[in-house]
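Here's the structure, in structure tokens; my notes come after.
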Amino acid sequence: MTTLEEQSFQKEILSLFNYFHNHPEVSWKEYETTQYIRTFLQQFPCRVTTFPDHTGLIAEIGSGSPVIGIRADIDALWQEVDGVYQPVHSCGHDAHMTIVLGTLLRLLNKTVHQGTIRFIFQPAEEKGNGALKLIEKKVADDLDYLFGVHLRPYQELENGKASPAIYHGASGCITGSIHGDDMHGARPHLGVNAIEVGASLVQMLKQIVLNPMTPYSVKLTSFHAGGESFNVIPGSATFSIDLRAQTNEAMEELQLRIDQVFRTLRTLYNVEIKTEMPANLVAAEVNDEAQALLSKAIEEVLGYDRLAEPIVTTGGDDFHYYTVKNPSIKATMLGLGCDLAPGLHHPQMSFNKDAIFTGIDVLVKAVDITLSRSVGKERELSIAK
Ligand SMILES: [Zn+2]
Ligand SMILES: [Zn+2]
């Protein structure tokens, strides 16, 4: 690219970012964002697919295998800013969309090796169910590789550095209710005090012990029982539990142990307890080959000094559903250090925009390396024949 072309590319990228930044839309309501990306892409030779029943879209270039996916999340959060609730791009998804579009533009201008590159603009990451919807629509079925990207807070990753994987933990929440009749304070023997069931629940959750080598946590986060009258023993209550574990195996074990706790409580108190799990996120399943490819790309673009270790974080991302549901996909997420402060999900979050260009360069390089590698592999195979 000439300097002039480079300048207009940079201008175009920043204007994309500014649009997204100034038009945040919450999960499943990313209507204008979807439309904007769709209209923008219509001027280029790529295949665009939208969905009749929900937001988000897919753009594709190239043909044949391997099929490489690059995923951006597109939703914003609903937060109070200066006293007014509004949608805000405080998780950096505006930057992720810009990076993935920039990667597409760069790859359009390159003669690439044989292969398909699918750009996934995924809705509703913050709700934790956007990836599952796209999986249901089969957008990930034939993917060989998948790269995601997320800005990292300054405490986690130094400005200008990049990490070849983000090991998110698994997290979830259980909501439940205890069902019984209220009793007169004078006749406690006629029923079950829901608060006592709750007290036992706290104790029994504390008694769950898993392998301490894997971080995990389970905590009661709300409990509501009783009302205005001090002389009524409440028979009913509602509650919620937050649970997390750094691996999917530990999370599975934790859930089994919590189920056991509820079975014991039902028998112990002879009371009806209903539970459900309205939301959960799986832990990262990072593929070694994908991580190695991304490391190589980071090293070639930024130099070895700026290649950071993989990030381990208690935060979550529904990106990892793609691999949990389709274990053959070789996936990893690029972490970008960008002086992001005060933190992700902070309504005043800001970051160094240079990271957008770093993200584009690294992802373009990662696609390049992945495609040329698989050509190399085919050659090896035909020689072996
Ligand atoms: Zn977020
Ligand atoms: Zn995010």
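Quick note: the coordinates plus some simple rules give every number you see, no bench work behind them. All of these numbers come straight from a predicted model, not from anything done at the bench. Note that each Cβ is placed from the backbone with ideal geometry, even for glycine, and that neighbours are counted across all protein chains shown.
What the table below lists for this structure:
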quantity	calculated
Distance between segment 18-79 and segment 136-202 - C-alpha centres, whole angstrom	28 Å
The chain: antiparallel DSSP beta bridges as a percent of all, rounded to 5	65 percent
Shape of segment 1-98, Cα gyration tensor, a/c cut at 1.5	oblate
Cut-off 17 Å, label 7 Å out along Cα→Cβ of Q207, residues of segment 256-298 by amide N	256-271
Residues F357, F223, F147, sorted so that the one with the fewest Cβ neighbours within 10 Å comes first	F357, F223, F147
Estimated inter-spin distance, E6 and N326, nm [label 7 Å along Cα→Cβ]	3.6 nm
Given charges at beta-carbon only (K, R positive; D, E negative), |dipole| of segment 170-281 in Debye	200 debye
Rounded to 10°, Cα long-axis angle of helix 3-22 versus longest principal axis of the chain	20 degrees
Euclidean distance between Cα centres, segment 344-359 to segment 97-129, Å	19 Å
Under-21-angstrom lysine pairs by C-alpha in segment 158-317, whenever the two are 8 or more apart or on separate chains	4
Selected from T116, S295, F9, residue furthest toward positive end of dipole (the chain; charges at beta carbon)	T116
Leading residue at positive end of dipole, the chain (Cβ point charges), from N193, I241, Y145	Y145
Per residue convex hull volume, Cα atoms of segment 170-281, in Å³	90 Å³
Residue order, fewest to most beta carbons within 10 Å, for C338, C173	C173, C338
Neighbour-count ranking [beta-carbon atoms within 10 angstrom, fewest first] of H89, H346, H96	H346, H89, H96
Gained length - N270 relative to I195, 0.36 nm times residue gap less alpha-carbon distance	25.6 nm
Gaussian network model of the chain, Cα within-10 Å springs - most flexible of L14, L281, L143	L14
Zone residues, segment 156-198, relative to F357, backbone N less than 15 Å from point 7 Å out along Cα-to-Cβ	160-161
GNM result for the chain, Cα springs below 10 Å: residue of D75, D354, D318 fluctuating most strongly	D354
FRET efficiency estimate (nearest 0.05) - Cβ-Cβ, Y304 to Q155, R0 30 angstrom	0.85
Segment N18-H345, extension gain: residue separation times 0.36 nm, minus the distance between their alpha carbons	115.9 nm
